[in-house]
Amino acid sequence: MFLILCFCPQLTFANDAPKREFRAAWIATVGNIDWPSKQGLSADQQKLEFINHLNFLHRTGFNAVIVQIRPAADALYPSEYEPWSRYLSGKQGQPPFPRYDPLEFMIAECHKRNMEFHAWFNPYRALVSSASNPNPANHATRQHPDWIIHYGGKSYFDPGNPEAREYILKVMLDVVARYDIDAVHIDDYFYPYPIAGKAFGDTKSYNKFNNGLSRDDWRRENVNLFISQLNTHIKKEKPWVKFGVSPFGIWRNSNKDPEGSATRGSSCYDDLYSDVRLWIQRKWVDYVAPQLYWEHGHRVAAYDVLLPWWKQNTPERQLYIGLGLYRMLDAKSGPWTSPNEILKQIQSARQQKAEGFVFYSASNFAKIGPAVADSLQQNYFGSIAIPPAMYWLDNVAPIAPFARGTATDKGVSLHWEDKSTEKEPLKFLVYRFGIDEKIDLNRSSNIIALTQQKSFLDRGGNKQYRYVITALDRLWNESEMSNIVVLDKLEAGR
């Protein structure tokens with residue numbers, strides 16, 4: 001009865017869902033939060049778990065994952081700079097068994113399903129526990145202790161040390177160069193969240209490199225420099241690779257800055273020294289996914305206050321809303337005891353014209369029960385969606401295909417020719433319209449397939465339809481539509 005009551009008001013959403021919308025989930029590896037489920041699983045078990053995550057997400061309507069591949073100065077891929085992560089094998093520096101490349105595998109599985117793979121790095125976290133350093137003797141945490149600051153039981157690379165920043169850039173750009181990732185993604189850990197009464201021990205680097213700035217401004221400038229350099233180097237290596245950041249949900253409070261939001265919590269600017277608004281203004285990032293993990297009407301940081309603030313402050317970059325699915329875990333009272341709050345957040349974000357969503361995190365879908373996933377699949381996502389194009393990276397669309405159709409006993413068989421002269425692999429959207437229906441490529445409900453093949457069998461084609469095909473490049477630029485394919489009514493109905 002609960003699900004019926006929840007679903008009924010939203011029955012038209014699937015037909016009205018945007019054709020272009022980024023739909024992703026974070027897959028965290030630190031502490032084995034999402035994947036692998038525990039340390040020491042065999043390679044086959046790891047692969048199966050990841051495939052199960054992807055199959056669930058794809059079936060539910062997602063088109064991307066954001067996977068943590070460098071949780072704490074270690075790697076979920078073979079690296080000449082950092083050791084294999086113990087979150088795979090159980091021992092830092094030991095590869096999975098039988099040996100395979102998890103990153104290569106994950107990217108391939110995502111791309112099979114026409115899903116984007118965003119490689120998530122934690123740039124500055126060096127050790128999850130300052131009391132234990134499991135890294136080998138040649139690791140940066142041992143070779144360069146002057147780069148490391150211990151704080152609050154964890155250890156961090158000093159963002160104010162130029163050599164440490166260069167090392168982190170080298171590690172991240174190695175992945176950009178060697179792997180077919182769709183984006184580089186970093187989370188909210190810049191300078192660590194402050195601990196009352198404890199100072200972050202960067203006095204030595206501040207005294208050496210401050211250039212006359214106050215400590216707060218110097219810290220922000222260190223992060224600004226890292227972000228700008230990372231973006232520049234990514235685009236130099238592969239201009240099509242996106243760069244996204246998932247900041248803490250408050251940039252700055254209005255009691256500190258009239259340009260800030262009407263909130264009263266910790267902030268990116270004052271507490272984490274990350275001036276995300278500046279990065280957007282300088283166009284150093286392609287998208288932001290602020291972590292808006294509070295409910296509508298929250299007394300300190302209301303979702304309905306922060307959502308319009310972020311939309312107003314991302315005029316030329318894409319805004320994906322970070323949704324706190326984890327808030328529903330073990331909720332005993334309040335707005336998180338049912339799916340209604342998070343579904344309302346999706347509705348509000350669409351009204352504000354946000355370009356997508358990222359859910360934290362993937363494994364929580366199974367832990368909270370099926371209600372949210374069912375609502376997404378049936379009512380909020382429903383139809384195929386593709387990520388928004390980024391015109392500043394590439395705005396040249398492929399050439400439209402030429403299509404043909406044949407009626408068969410199994411349905412309508414469509415084939416098309418790729419007229420593009422570009423070497424990059426293309427994807428194709430198949431649209432189906434009623435014989436008297438207006439052809440409108442903006443309606444997601446008319447999309448019946450997203451495929452890398454140059455053919456498609458419409459098993460539902462048992463009456464007369466009109467079909468068109470479009471081509472998509474890797475940045476989701478869409479071609480003009482193909483010729484219209486119409487089959488004789490008697491043929492199509494046999």
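I'd like to know if the stretch 59-74 contains one or more residues that are surrounded by fewer than 16 Cβ atoms within 10 Å (Cβ to Cβ) and either under 30 Å from residue 142 (Cβ atoms) or at pLDDT 95 or above (or both). Yes, that holds for at least one residue.
Considering the stretch 247-277, the residues that are of a type in the set (A, V, I, L, M, F, W, C) and under 21 Å from the mean Cα position of the chain (by Cα) include one that is nearest to residue 327 (Cα to Cα), namely 248. Among the residues of the stretch 296-316, those that are crowded, with 19+ Cβ neighbours inside 10 Å and in contact with a Phe, Trp or Tyr (Cβ under 6 Å, 6 or more places away or on another chain) comprise 301, 303. Within the stretch 68-80, identify whether any single residue is out of contact with any Lys or Arg (no Cβ under 8 Å at 6 or more places or on another chain), over 26 Å from residue 375 (Cα atoms) and aliphatic (A, V, I, L, M), and answer yes or no. Scanning the stretch 68-80 turns up at least one residue that is out of contact with any Lys or Arg (no Cβ under 8 Å at 6 or more places or on another chain), over 26 Å from residue 375 (Cα atoms) and aliphatic (A, V, I, L, M). All of (1) within 21 Å of residue 17 (Cβ to Cβ); (2) out of contact with any helix residue (DSSP H, G or I) (no Cβ under 7 Å at 6 or more places or on another chain); (3) at pLDDT 95 or above hold for residue 460 with one exception: (3).
Taking each residue of the stretch 90-118 that is of a type in the set (Ser, Thr, Tyr) and looking for partners that are modelled with pLDDT of 95 or more and part of a helix (DSSP H, G or I) with beta-carbon atoms closer than 9 Å, six or more apart or interchain, yields 100/43; 100/46; 100/47.
Residues satisfying the criterion are absent from the stretch 379-390 (criterion: more than 30 Å from residue 107 (Cα to Cα), small (Gly, Ala, Ser) and not assigned by TED's automatic domain parsing to the domain that holds residue 19).
Selection of the stretch 103-130 for residues being under 16 Å from the mean Cα position of the chain (by Cα) and not in a helix (DSSP H, G or I) yields 113, 114, 115, 116, 117, 118, 119, 120, 121, 122. Among the residues here, residue 394 does not qualify as among the acidic types (Asp, Glu), touching a residue at least 24 places away in the same chain (Cβ under 8 Å) and either buried (at least 18 other Cβ atoms within 10 Å of the Cβ) or under 28 Å from residue 457 (Cβ atoms) (or both). Take the stretch 459-477 and flag every residue that is in a strand (DSSP E or B) and either surrounded by fewer than 20 Cβ atoms within 10 Å (Cβ to Cβ) or small (Gly, Ala, Ser) (or both). Correct list: 466, 471. Look at the stretch 70-85: where a residue is over 18 Å from residue 41 (Cβ atoms) and a partner is among the hydrophobic types (A, V, I, L, M, F, W, C) and in a loop (DSSP other than H, G, I, E, B), sitting 6+ places away or on another chain with Cβ atoms under 7 Å, you get 72/128; 82/73. Scanning the stretch 24-46 for any residue that is out of contact with any Leu (no Cβ under 6 Å at 6 or more places or on another chain), of a type in the set (D, E, K, R) and under 21 Å from residue 429 (Cα atoms) turns up nothing.
For the stretch 317-354, taking the residues that are aliphatic (A, V, I, L, M) and assigned to a strand (DSSP E or B), the one that is nearest to residue 277 (Cα to Cα) is identified as 319. Scanning the stretch 432-456 for residues that are surrounded by fewer than 17 Cβ atoms within 10 Å (Cβ to Cβ) and more than 31 Å from the chain's Cα centre (by Cα) yields 434, 435, 436, 437, 438, 439.
Beta carbons closer than 8 Å, at least 6 apart along the sequence or on distinct chains, never pair a first residue in the stretch 232-247 that is outside the structural domain of residue 324 (by TED's automatic domain parsing) with a second that is charged (D, E, K, R). On inspection, residue 343 qualifies as buried (at least 19 other Cβ atoms within 10 Å of the Cβ) and among the aliphatic types (A, V, I, L, M). Of the helices (runs of 4 or more DSSP H) that lie entirely inside the stretch 178-294, those containing 1 or more residues that are of a type in the set (A, V, I, L, M) span 215-237, 276-281.
Only one of the numbered conditions (1) more than 18 Å from residue 62 (Cβ to Cβ); (2) outside the structural domain of residue 242 (by TED's automatic domain parsing); (3) at pLDDT 95 or above is not met by residue 340, and that is (2).
The values are calculated or read from the model by the stated rules, or taken from the named source; none is laboratory data. Just so it is clear, the structure is predicted and the values come from calculations on it, not from any experiment. Counting neighbours? That spans all protein chains shown, and the Cβs are built from the backbone with ideal geometry, glycine included.
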